Ligand SMILES: *Cc1c(COP(=O)(O)O)cnc(C)c1O
């Protein structure tokens, strides 16, 4: 059951926090509900979940109106500039900003709607060709430019590491993102406690927490395997 799965993940998150001397309140669970029906999301909501992650703008828009208003929607999939207008003002945070151009479009739309949009920059930390995200060496420059934008609030970074069999292996990527975030944001703030790091999925959220994740994005473990053939 979805409720049991959420409770299990939360207890594992707590253990990972204890192991790494972290406060559980600093780590939030995002239930990734892509491809799953509204009824599953409602079930998770009834079990207390409020943060949900979706990949596709159209799917997100279809779901938002059918579910309670106090859900915090996280857009975690690739966002095209021409779809920015649909999500600004509707989502709690955009995790997948991967260019200055996209950040500027979000800024412009946010100004139009008189809101400030929280964003994360997606970093291609493993350097895989197939992955979205900024190259680590570009990050510092893009961060400086984004900080000039008045209607986006850069909260931190997100990454999707390679799919591997032994989940503990991704710790090298998680640690790299943590170090990079401290390097870049640490220079700009007196302390870097406020930096959000969105990393870790069903197979590696424990490892990600031990490496400093503040958001973990767990889908298939909570809702079951996804069936893409029905879409
Ligand atoms: C699908 C997805 C997840 C969840 O993955 P699971 O392995 O099902 O937990 C997390 N993050 C992103 C960006 C995703 O696309």
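Read the figures in this text as sums done on the coordinates, not as results from a lab. This is a predicted model, so every value here is computed, not measured. Cβ: placed from backbone, ideal geometry, glycine included. Neighbour counts: every protein chain shown.
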Output ordering of 63-69, 134-140 (per-residue mean of other Cβ within 10 Å, highest first) is 134-140, 63-69
If the chain between residue 101 and residue 138 were fully extended at 0.36 nm per residue, the gain over the current Cα-Cα distance would be 12.0 nm
Summing -39500 (n - 2.57) over every DSSP H run of at least 4 residues in the chain and dividing by its residue count gives a helix-only mean residue ellipticity at 222 nm, to the nearest 500 deg cm²/dmol, of -11500 deg cm²/dmol
Length gained if residue 15 through residue 3 is fully extended, taking 0.36 nm per residue and subtracting the Cα-Cα distance, is 2.5 nm
The Cα radius of gyration of the chain, divided by 2.2 N^0.38 Å with N its residue count, comes to 0.97
Highest mean packing first, using Cβ neighbours within 10 angstrom, the peptides 201-210, 5-14, 114-123 sort as 201-210, 114-123, 5-14
For residue 25 and residue 46, extending 7 Å from Cα along the Cα-Cβ vector and measuring point to point gives, in nm, a value of 3.0 nm
Residue span residue 39 to residue 169: 0.36 nm per residue of separation minus Cα-Cα distance leaves a gain in nm of 43.3 nm
Once both label points are put 7 Å beyond Cα along the C-beta direction, the residue 67-residue 90 separation in nm becomes 1.3 nm
